[in-house]
Amino acid sequence: MKTLSRHRLHVIALLSFALIAGSSRPALAQGFIAPLIGFDFGGDATCPTITGCTNKKLNAGVALGSMGKVLGFEEEFAYAKNFFGEAPGLSSSVLTLMSNVMLIPRIGPVRPYALGGIGLLKTHVEFTPSSLITTDNNGLAWDLGGGVMALVSKHVGVRGDLRYFHAFQNLGVIGFTLNGSKLDFGRASAAIVFTF
């Protein structure tokens, strides 16, 4: 008798769960992918300010994430070649991989947003010939920023944004840590947004 009651209880619980799961409304989150292109400025970038700079270095990447009615999440990857400038025998780059929480309210087809997060900031500097000096730094960094996303159709839009990146650790060169050398810079970018 106890076995039959326990069995009925499990069946009722399973049917209740199936009924609740089957009748729930679809999630209101909207996924997106946004290939981006931009340039770095300020801080350690070769452009001292966002305007009036003729030596802009290209920054390209992609962001993907999810947006709800007000909050969202984004994972962004970006790469800047020749971040520290160009000179004979010098090769440099900065790579960022950031996880961000977004405040992104929906106002019709327009979504202004603010974001912040943490992630990886990787620098690479190489002096040639024969890679005489090569320095790689992998460290944690934080970023803050904001922008506007506007959907021009149900699944396609554009966005523009400004972000500030700052490393938690000092840079190291040939095994030595340089005090006061926490990498920081801003980035202005534009992207095409595909939603799904």
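Just so you know, all these numbers are worked out from the coordinates, no wet-lab data involved. Keep in mind the model is a prediction, meaning the values are calculated, not measured. No Cβ is skipped: glycine too gets one built from the backbone with ideal geometry, and neighbour counts run over all protein chains shown.
What the table shows:
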{"quantity": "By average C-beta atoms within 10 angstrom, highest first, the peptides 45-54, 58-67", "calculated": "58-67, 45-54"}
{"quantity": "Loop sites in the range 30-118: GluC sites (Glu not before Pro), DSSP, at most 14 other Cβ within 10 Å", "calculated": "86"}
{"quantity": "Over the range 110-159 - Rg/Rh using Cα atoms and the Kirkwood inverse-distance radius", "calculated": "1.30"}
{"quantity": "Efficiency of FRET from Cβ geometry, residue 110 and residue 140, R₀ 22 Å, rounded to 0.05", "calculated": "0.10"}
